[in-house]
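The values are calculated or read from the model by the stated rules, or taken from the named source; none is laboratory data. What you see is a predicted model, and the numbers here were worked out from it, not measured in a lab. Glycine gets a Cβ as well: all are built from the backbone with ideal geometry, and neighbour counts include every protein chain shown.
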Amino acid sequence: MKKIFAIGNVVLLEMYRRKDFYVLFIVTALITAVMGSVTFFNNAQIVRYLKAISLFLIWASSLFIAIGATARQIPAERESRTIFPLMAKPVSRAQMLVGKFLGCWLACGLALVIFYVFFGCIVAAREHQWPLANYFQAWSLHWAMLGIVVAMTLFGSLVLTAVSSNLTITFIATVAILLVGRYLHKVALSMTEPSAAIFTGLYYVIPHLELFDVRDLIVQDWPPVPWGIWLIAIAYAAVYTGLLLLLSWLVFRKKVLR
Amino acid sequence: MKTTRPFVLLLLLLGVLCSGLAAKIDCWFVRWPGNHEASFDPLDVMLGGGQKLFATFFYREADVYYHSGYYPTIFDNRGAFETAHMAEDTGAIASHNRGEEGGFMGPPLDFIDRFNRHFIPNRHSHLDEGGPTDDLSKSGEVREILPWLKISSELDPEDIQTYIVTAYWLRTRMGQVAEGERVLREGLRYNPNNPQLLYELGRVYYENYHNLPRARNIWEAAVRSWYAGMAGKPDSEKFSFDNKFLLEQLQTHLALLEEDAGNFSAAITHLEQAKTVSPSPAELQKQIEELKEKLAAQTNAPAATTR
C-alpha cells in the first residue's frame, strides 16, 4: 500500500506542477465572470443560465484534466525509460497501475473541489443560498465518474500505441456515452437485427457515465438524489473502475516493456 | 557584403501589390450580395443564415428551463411539446400539442433506465407554478427563461413568438410592464404591423394600463393588419388553425373591451365575427345572448328613468 501511495504522490506532485489545471480554471473563471456581468431585463436575480454555463465549463475542464493527464502517465514513463528503475524498486505492475490511477484520480478530486467551491461562491453571490447536500452529491458523483474515465484512459494507454489516439478515442467515447448512452436501448427498439442486438448489448456493457451528471438537478434547483440511490451510484462507479483497472492489469501484466 | 536594397525594394513592391489587390477585392466584396458585413452585426457575419437555427435552439432552451429541465429529447415522444408550453400559457399562441405532457419518457425500459431517472428531472412542472417544489411563492423564478429568449430574439428578430412570450412573462410575473412593452415595440420595429404583436401590445394597454381607447385602437389595427395580410391568400392558408386562433382572440378581446366600455352592440358585432372562426361557436352564442339581454336592459333603463 505504501508503494501505491508513493507512486500516487509522485503523480499528484507532477499534476500540481503542470499548467493544465491553472489554465482551465482561469478560463472557466473568466468566462463565468463575463457571463455573470451580463444583466437581462435589469433583473439581477436571474442565475440559472450562469449555473449551466459554469457547470458545463467545469465538466469540460475536468474531462480534459482527467483524460489529458492520465493518457500520458505510462507512455511517458516508457519513453523516458523511468519505468525500468521504478519496476526495479521492486514495485509490481499492479501496484504501479493502481498508484498511477490513484494519483490521477486524487488530482482530479482536488481540482473538482476548487472548481465546485468557485461555483458555489458564484451562485451564492446571486442566489444567497448554499445547497450543500446538492453540491456534495454533484461533486462526489462527478468525482466517481472521473474514476471510471481515468481507469478507461489508463486501459487505453496500454492498448493503444500513441498518446494522441488514446486521448481522442477516450474523449470521444466519454462524450458519446454522456450524450447518448441513456438512449441506446430506446434506439435499439426501433432497429432491425442484428443492429438492435448490438446496440442493446452495448447499452448493457458500457459504463453509464450519464448517471453521474446531475447538472440539471443543480441548475434547476431540484432536491438532492435520495442517499441510498447516491450510494448505489457510487458503488456502480467503483465496480466499473475496478473492472477497468483489472482489465488494464491483465494487459499490462503480459506487456513486454522495451 | 551583400546589399539589402533589392530585398527592401522587393518587399515594398509586394506590399504595394498586396494593398492594391486588397483594395480591389474589398470594392468587389462590398458590392457582393452575400456580404453579411453590411449589417455590421458580428453574429450575422459569423453565423449568417445559421442564426435562425441557433435562435430555435435557444427558444427551446427557454422552454426547457420553464419545465425545470424535464423536457423530451429527440429520442422521446415530443407530441405534447410541439408548441412551447411557456408560449401556450400566454394565451396568445395556438397550441398544437397532443398527448400526455407528463409521460413522454414512458415506462422504464430496464433497470438501468429506471435507476437513471433518479439523476435527471423526472416530473412535469412549470416554473410559474413553483417548479419542482410546487411552491407557488417561487413563481417569480419564471424569470430564468428570459436570458434564452433574449438571445433567441437577438439571433432571429423575425420570430414573433419570442417577443410575445418575453413580453407576457415580463409584464405578468416580473411586474416589468414597461419592459414588456419595450420588447413588443422592438418586435414591431423588425416586423411592422404584425397582428400577433399588436394583439399582445393591446393586451398590455388593456390589462396593465387599463387604457381602453388605446387598446381598442391597437386591436382594431391588428384586425385590419390580419385582413390585409390575408388578402389574396387561399382559404386553406387564410383559415389555418393559427390564423383563425389569432382572429378569434382579437375579436373576443375587442368584444370584452367594448363590454367593459358599455358598448354592448359593438361587443355583439365582434363576437359575431369571432363566431365565424371559433372552434366552439355555441359558447360564443351564449355570450351573445347574454350581451343582448344587457343591451335590452340598457336601452330600457333610460326609458324607465324618463318616465
### Query
Taking segment B:213-251, which residues are among the aliphatic types (A, V, I, L, M) and modelled with pLDDT under 85?
B:Met230, B:Ala231
### Task
Please report, ordered by residue number, the helices (runs of 4 or more DSSP H) entirely within segment B:92-206 with at least 3 residues that are over 30 Å from A:Lys186 (Cα atoms).
B:146-155, B:160-172, B:177-190, B:195-203
### Query
If you check A:Ala197 against the conditions, is it surrounded by fewer than 22 Cβ atoms within 10 Å (Cβ to Cβ) and either touching a Pro at 6+ places or on another chain (Cβ under 8 Å) or within 14 Å of chain B (Cβ to nearest Cβ) (or both)?
no
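A quick yes/no check of all residues on (1) within 11 Å of chain B (Cβ to nearest Cβ); (2) assigned to a helix (DSSP H, G or I):
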residue: A:Asn166; (1), (2): no, yes
residue: A:Thr170; (1), (2): no, yes
residue: A:Val175; (1), (2): no, yes
residue: A:Leu178; (1), (2): no, yes
residue: A:Glu193; (1), (2): no, no
residue: A:Leu211; (1), (2): yes, yes
residue: A:Asp216; (1), (2): yes, yes
#### Entry: Residues that are among the aliphatic types (A, V, I, L, M) and more than 21 Å from B:Val165 (Cβ to Cβ), drawn from segment B:95-135
B:Met105, B:Leu109, B:Ile112, B:Ile120
#### Entry: The one condition in (1) touching a residue at least 24 places away in the same chain (Cβ under 8 Å); (2) in contact with a Leu (Cβ under 7 Å, 6 or more places away or on another chain) that A:Leu184 fails to fulfil
(1)
### Task
Can you run down the residue pairs with Cβ atoms below 8 Å, 6 or more apart or on separate chains, where the first is in segment B:118-140 and in the same structural domain as B:Glu61 (by TED's automatic domain parsing) and the partner is among the basic types (Lys, Arg) and part of a loop (DSSP other than H, G, I, E, B)?
B:Asp128/B:Arg173; B:Pro132/B:Arg123; B:Ser139/B:Arg173; B:Gly140/B:Arg173
### Query
Would segment A:142-158 turn up any residue that is assigned to a helix (DSSP H, G or I), loosely packed, with under 15 Cβ neighbours inside 10 Å and of a type outside the set (Val, Ile, Thr)?
no
### Task
Filter the helices (runs of 4 or more DSSP H) completely within segment B:207-278 down to those with at least 3 residues that are in contact with a helix residue (DSSP H, G or I) (Cβ under 9 Å, 6 or more places away or on another chain) and among the basic types (Lys, Arg).
B:212-230
### Query
Is at least one residue of segment B:180-189 in the same structural domain as B:Ile93 (by TED's automatic domain parsing) and small (Gly, Ala, Ser)?
yes
### Message
Could you go through segment B:118-137 and let me know if any residue there is more than 9 Å from chain A (Cβ to nearest Cβ), at pLDDT below 85 and on the phi > 0 side of the Ramachandran plot.
### Response
yes
